[in-house]
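The values are calculated or read from the model by the stated rules, or taken from the named source; none is laboratory data. What you see is a predicted model; the values in this text were computed from it and never measured. Every residue, glycine among them, receives a Cβ derived from its backbone with ideal geometry; neighbour counts consider all protein chains shown. Heads up: the accessible areas ignore ligands, DNA and RNA and are worked out on the full protein's heavy atoms, side chains in. Shrake-Rupley method; radii C 1.70, N 1.55, O 1.52, S 1.80 Å.
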Amino acid sequence: NNCTLSGNAASAGGGASGGTLNGCTLSDNHAIYRGGGAEGCTLADCLLSGNHAEGDAGGAYGGTLDNCLLSGNRAEGDGGGAYGGILGNWRGNSNLPSNFVSELKLDGKFLFTDFTLNGVKAIVAGFF
């Protein structure tokens, strides 16, 4: 809880792989394959910023993100912000186009609830 994971690198899940994080910041992490910030994690009230994946999902790959902010993440493959998983109370920041465009390119299986982008709120039911 309330941790900072920054400047880490791994083949997948550069900041974290599996597990549960609450109120954490995952920034400037790197993954060779997928999940620059996190892979297969349950994240609540977290900030994922400036993470990079050479494959898919610069911010988060799979898992569950609740009330998290994804900003400035990038991927060489698909899903600059996130790829697959469940995103609840999702907040995106379109100030960084590479992150924004890829986050809205729904490449994986997503379930959105309570989606907010630049202050515009909508309820979105599933994309599978």
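The criterion of at least 1 residues that are in contact with a Leu (Cβ under 6 Å, 6 or more places away or on another chain) and open to solvent by less than 40 Å² (accessible area, probe 1.4 Å) is met, among strands (runs of 3 or more DSSP E) falling completely within region 16-82, by 20-22, 25-27, 42-44, 47-49, 64-66, 69-71. Filtered by the rule that a residue be open to solvent by 40 Å² or more (accessible area, probe 1.4 Å) and among the small types (G, A, S), region 3-15 gives S6, G7, A9, S11.
Taking each residue of region 12-25 that is on the phi < 0 side of the Ramachandran plot and looking for partners that are part of a loop (DSSP other than H, G, I, E, B) and of a type in the set (D, E, K, R) with beta-carbon atoms closer than 7 Å, six or more apart or interchain, yields N22/D45. Could you please tell me which pairs satisfy a Cβ distance under 6 Å, a separation of 6+ or placement on different chains, a first residue in region 44-57 that is within 21 Å of S11 (Cα to Cα), and a second residue that is in a strand (DSSP E or B) and charged (D, E, K, R)? Sorted first by the residue in region 44-57, then by its partner, the pairs are H52/R74; A53/R34; G55/R34; D56/R34; A57/R34.
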